[in-house]
Amino acid sequence: MAEVPAIELKNITKTFGETIANKDICLEVRRGEILSILGENGSGKTTLMNMISGIYYPDHGQIFIDGKEVEIKSPKDAYDYKIGMIHQHFKLVDIFTATENIVLGLEDEGRYNLKKSAAKVKEIADLYGFVLDPNKKIYDMSVSEKQTVEIIKVLYRGADILILDEPTAVLTPQETQRLFAVLRRMKEDGKSIIIITHKLNEVMEISDRVSVLRKGEYIGTVSTSETDESALTEMMVGKKIELNIDRSEPHDTADRLIVAGLNCTNRENVKVLDNVSFTAKSGEILGIAGIAGSGQRELLEAIAGLQRLDGGSIIYNNPKTEMQEDLRNKTPIQIRELGVRLSFVPEDRLGMGLVGNMDLTDNMMLRSYRKGKSAFVERGKPKALAEQIVEELEVVTPSVSTPVRKLSGGNVQKVLVGREIASSPTVLMAAYPVRGLDINSSYLIYNLLNQQKEKGVAVIFVGEDLDVLIALCDRIVVLSSGKVTGIVDARKTTKEEVGLLMTKTFEEGGKD
Amino acid sequence: MTMLVQFIQRAVMQGVPLLFGSTGEILTEKSGHLNLGIPGIMYVGAISGVIGSFFYEEKVGAANINPFLAVIIPLLTSMLGSLIMGLIYCFLTVSLRANQNVTGLALTTFGVGFGNFFGGSLIKISGSSMPAITLSATSKCFKTTLPFANSLGVIGKLLFSYSFLAYVAIVVALIAGYILNHTRTGLHLRAVGENPATADAAGINVNRYKYVTTCIGSVIAGLGGLYYVMDYASGIWSNGGFGDRGWLAVAIVIFAIWRPNIAILASILFGGLFIIYNYVSIPGMGIEAQELFKMLPYLVTLIVLIITSMREKRESQPPQSLGLSYFREDR
């Protein structure tokens with residue numbers, strides 16, 4: 001093809017410390033086309049786009065714009081090359097109007113005249129079919145209006161190449177359709193659009209070509225018209241990797257936690273859990289798979305008593321008393337007082353799990369400070385427990401009086417998991433317990449979870465690596481946009497099946 | 001009637017230092033910095049002016065001072081003193097990202113100590129028998145009023161009887177209000193105070209805005225100290241005379257919901273409330289009850305704070321990242 005691509009990347013590599021975020025990535029975007037970048041979480045999509053928009057600087061590789069090699073060192077450079085990125089987290093000043101946010105930072109516009117700028121904003125909005133009141137304050141806007149402001153901000157600065165990072169993640173289906181209509185109009189106008197997404201149906205619907213990344217590597221680019229969802233899934237998840245995690249057959253299983261019809265809306269009024277139902281059995285590991293932000297966090301926090309629900313029930317079968325308790329909308333202390341032995345290894349280890357500035361012993365005490373009758377806390381047992389965890393889990397630490405934030409990620413996780421297991425739970429929930437851990441530490445955590453399972457604990461494991469989920473769990477619940485899209489037997493399923501369920505979306509009024 | 005006119009006049013004179021202080025603090029807070037060092041900075045502004053004028057009077061003799069130099073020298077030394085205070089505050093809170101509350105309080109303690117130390121030294125040098133420095137000649141130059149003020153009756157007394165610094169205070173407040181709300185610089189400044197990460201992404205030099213506004217704010221606040229000593233106190237410096245006015249200026253910022261235009265009226269109101277105990281006489285009211293009247297400004301601030309919080313109007317809230325340090329890499 002003789003046409004010069006609007007933007008071309010050659011052998012882009014970016015590393016953060018030890019981890020390789022992007023490795024030798026080559027990519028090209030033509031004028032007047034929509035390119036989707038598809039990949040699982042952590043496949044390096046956002047990192048790559050951040051290098052085009054000037055937030056990161058690549059370690060190696062070249063970027064060409066209209067055939068000329070360029071260096072993009074800052075977001076301002078990117079604007080000068082007419083590249084604009086719409087980030088997932090909006091960068092807007094709440095108490096400003098749309099226009100004020102759009103002209104923010106522009107120095108070379110002549111006299112400061114908000115009326116004139118507002119007229120120009122309106123003009124751009126009308127040209128592409130956006131609906132936006134230029135004088136509306138951001139705090140009065142819905143998420144989709146805020147997104148519109150971000151897009152117009154980029155267009156106002158004359159961008160020809162637009163990058164949208166998961167633009168539909170926060171939108172309703174109708175809003176998504178409206179956005180797509182606008183994107184098509186921009187495409188007809190000759191603009192190049194890059195969309196980062198992991199929703200396959202949207203990829204098929206909107207894009208001309210798809211580039212797939214997997215674990216930081218470039219897998220390939222295909223024309224949308226020549227591919228289908230299952231071929232894309234295979235490119236995205238890759239071949240199965242054998243992990244050799246020892247998995248015993250579950251025995252003596254009993255229904256421990258029966259979750260039925262959970263509904264939850266977040267602060268932005270978006271439904272994050274939609275009629276979620278499943279049963280966690282004692283003596284098995286129940287996996288929860290899903291793209292990040294599909295409701296995993298809210299689900300675990302709801303069970304742990306940290307998230308208010310709009311509806312549904314969480315029934316706990318107490319093995320000692322044979323009583324059924326509904327845990328919905330109870331506080332963690334109320335749950336504990338019911339005699340429910342629930343342990344939670346949250347995703348945010350040093351935020352929700354442990355206190356970074358406190359030492360190991362003190363962190364143990366977070367679980368036990370209520371015990372005892374005296375006015376003074378008892379330090380002896382927590383200290384013994386800390387020492388026991390250090391020894392049994394081989395935590396590398398100078399002493400039990402070292403603040404946990406000074407430990408490495410794997411050791412922090414061992415301390416947290418160790419503490420949670422020590423209270424001999426009947427339900428153990430672990431969210432991404434091996435994230436950021438090396439292979440050995442990861443296997444240690446898998447073994448700990450397996451030990452708990454063999455002791456008859458109902459283990460709920462939220463993971464992101466499909467290979468691990470399939471090799472470790474007994475059953476897998478798949479979440480997509482807050483809905484359960486399937487519950488599969490981990491021994492019989494395939495990565496492709498889980499991958500498809502993860503990216504499945506429901507249209508209004510029925511299955512897609 | 002004369003009593004009322006006199007009361008309003010005194011209220012305005014009380015209000016001017018407060019207005020300088022609150023205008024300075026509003027600018028500073030709009031850049032996201034809570035400068036609790038304002039009382040100290042005003043104190044330093046006052047003593048720096050006193051130092052300048054003291055040595056000028058010493059040099060040429062109080063009788064033959066040049067009126068222009070007598071004004072310009074204290075003005076410059078005062079501004080220099082408060083600028084240095086502003087720079088110290090910026091260096092600690094912007095560059096080193098120290099805690100703003102602690103830094104501010106430390107500066108206030110330092111400023112008051114600095115003022116009292118040099119005040120004491122000057123008293124010693126002057127060999128005065130009283131614990132005060134008197135700079136009446138300089139004060140007279142500062143207090144020059146418009147010649148026609150006295151011939152205009154009540155209107156003249158209410159509107160034109162003040163010295164030039166009082167008008168400067170009002171003009172500065174009006175300019176600050178205009179810049180904040182009607183210029184690109186103001187838009188950028190407000191963005192820095194609301195959401196520095198957004199401002200940074202938009203290509204605004206966040207630290208430069210913080211430094212420049214905080215320093216300008218300090219200089220403006222320092223002028224309040226200078227006005228107090230040269231005009232209100234008739235050129236008499238005595239240690240501790242400035243009192244709680246600095247804190248009152250910080251309170252006005254909240255009362256004026258971060259708007260310099262409102263601060264003009266608020267300062268005069270607070271000035272009135274500050275001295276009202278001299279003008280109300282309730283039969284049987286003793287000296288101890290006066291102290292209750294002195295509470296009024298703070299009481300009013302509390303009520304305003306409650307009302308603005310209840311109304312939840314977003315524009316009336318403090319800048320969103322007030323008191324928070326900004327560091328680009330910490331996401």
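The values are calculated or read from the model by the stated rules, or taken from the named source; none is laboratory data. If you're wondering where the values come from, they're calculated on a predicted model, not measured in any experiment. All Cβ positions, glycine included, derive from the backbone under ideal geometry; neighbour counts span all protein chains shown. Only protein heavy atoms, including side chains, enter the accessible area calculation; ligands, DNA and RNA are left aside. Shrake-Rupley method; radii C 1.70, N 1.55, O 1.52, S 1.80 Å.
Any residue that is surrounded by 13 or more Cβ atoms within 10 Å (Cβ to Cβ) and either closer than 30 Å to residue A:55 by Cα or of a type in the set (S, T, N, Q) (or both) - is there at least one of those in region B:223-237? Yes, region B:223-237 contains a residue that is surrounded by 13 or more Cβ atoms within 10 Å (Cβ to Cβ) and either closer than 30 Å to residue A:55 by Cα or of a type in the set (S, T, N, Q) (or both).
Using the structure shown, decide if residue B:55 is closer than 20 Å to residue B:123 by Cβ and not small (Gly, Ala, Ser). Spelling it out, residue B:55 is indeed closer than 20 Å to residue B:123 by Cβ and not small (Gly, Ala, Ser). Given the condition buried (at least 24 other Cβ atoms within 10 Å of the Cβ), part of a helix (DSSP H, G or I) and out of contact with any Phe, Trp or Tyr (no Cβ under 9 Å at 6 or more places or on another chain), answer yes or no: does some residue in region B:28-48 qualify? No.
Residues in region B:133-163 that are more than 24 Å from residue B:3 (Cβ to Cβ) and either in contact (Cβ under 8 Å) with a residue 24 or more places away in the chain or within 14 Å of chain A (Cβ to nearest Cβ) (or both): B:133, B:134, B:135, B:136, B:137, B:138, B:139, B:140, B:141, B:142, B:144. Residue count for region A:2-58, restricted to those that are at positive phi, outside any strand (DSSP E or B) and open to solvent by 30 Å² or more (accessible area, probe 1.4 Å): 2.
In this structure, residue A:142 qualifies as at pLDDT below 90, closer than 20 Å to residue A:183 by Cβ and away from every other protein chain (no Cβ under 14 Å). Do you know which residues across region B:91-138 are assigned to a helix (DSSP H, G or I) and among the basic types (Lys, Arg)? Selection gives B:124 alone. Looking at region A:264-318, which of the residues that are of a type in the set (Gly, Ala, Ser) and open to solvent by 40 Å² or more (accessible area, probe 1.4 Å) is nearest to the chain's Cα centre (by Cα)? Residue satisfying both the conditions and the ranking: A:292. Restricting B:32, B:21, B:49 to residues that are in contact (Cβ under 8 Å) with a residue 40 or more places away in the chain, on the phi > 0 side of the Ramachandran plot and touching a Ser or Thr at 6+ places or on another chain (Cβ under 9 Å) narrows the list to B:32. Here region B:203-222 is the region considered, the condition is being away from every other protein chain (no Cβ under 14 Å) and open to solvent by less than 10 Å² (accessible area, probe 1.4 Å), and the residue that is nearest to the chain's Cα centre (by Cα) is B:221.
In region B:220-231, the count of residues that are under 19 Å from residue B:322 (Cβ atoms) and either of a type outside the set (Val, Ile, Thr) or part of a helix (DSSP H, G or I) (or both) is one or more. Residues in region A:206-230 that are over 25 Å from the mean Cα position of the chain (by Cα), open to solvent by 30 Å² or more (accessible area, probe 1.4 Å) and β-branched (Val, Ile, Thr): A:222 alone. Whenever a residue of region B:176-202 is within 9 Å of chain A (Cβ to nearest Cβ), its partners that are polar (S, T, N, Q), lying with C-beta atoms within less than 6 angstrom and at least six residues away or across chains, give the pairs B:194/B:320.
If you go through region A:328-339 and keep only what is modelled with pLDDT of 85 or more and not charged (D, E, K, R), you end up with A:331, A:332, A:333, A:334, A:335.
Hey, does region B:245-258 have a residue that's surrounded by 12 or more Cβ atoms within 10 Å (Cβ to Cβ) and within 14 Å of chain A (Cβ to nearest Cβ)? There is at least one residue in region B:245-258 that is surrounded by 12 or more Cβ atoms within 10 Å (Cβ to Cβ) and within 14 Å of chain A (Cβ to nearest Cβ). The residues in region A:59-73 that are surrounded by 14 or more Cβ atoms within 10 Å (Cβ to Cβ) and either on the phi > 0 side of the Ramachandran plot or touching a helix residue (DSSP H, G or I) at 6+ places or on another chain (Cβ under 6 Å) (or both) can be counted, and the count is 3. Is it true that some residue in region A:480-492 is among the aliphatic types (A, V, I, L, M) and closer than 12 Å to residue A:247 by Cα? Yes, some residue in region A:480-492 is among the aliphatic types (A, V, I, L, M) and closer than 12 Å to residue A:247 by Cα. Can you tell me which residues in region B:150-194 are more than 30 Å from residue B:205 (Cα to Cα) and outside any helix (DSSP H, G or I)? Result: B:161, B:162, B:163. Select from region A:231-244 the residues that are modelled with pLDDT of 80 or more and open to solvent by less than 30 Å² (accessible area, probe 1.4 Å) and list them in ascending order. Within region A:231-244, A:232, A:233, A:236 meet the criteria. Figure legend. Inter-residue proximity from region B:302-328: first residues more than 13 Å from chain A (Cβ to nearest Cβ) and closer than 30 Å to residue B:97 by Cβ, second residues part of a loop (DSSP other than H, G, I, E, B) and open to solvent by 70 Å² or more (accessible area, probe 1.4 Å), beta-carbon distance below 7 Å, spacing 6+ or different chains. Indicated pairs: B:325/B:97; B:327/B:97. For region A:72-125, a residue qualifies if it is among the aromatic types (Phe, Trp, Tyr) and facing chain B (nearest Cβ under 10 Å), and the qualifying residues are A:79, A:90, A:96, A:112.
Inclusion of residue B:139 among residues that are in contact with a Ser or Thr (Cβ under 6 Å, 6 or more places away or on another chain) and crowded, with 16+ Cβ neighbours inside 10 Å is warranted. Scanning region B:64-105 for residues that are over 19 Å from the mean Cα position of the chain (by Cα), among the small types (Gly, Ala, Ser) and under 22 Å from residue B:53 (Cα atoms) turns up just one, B:70.
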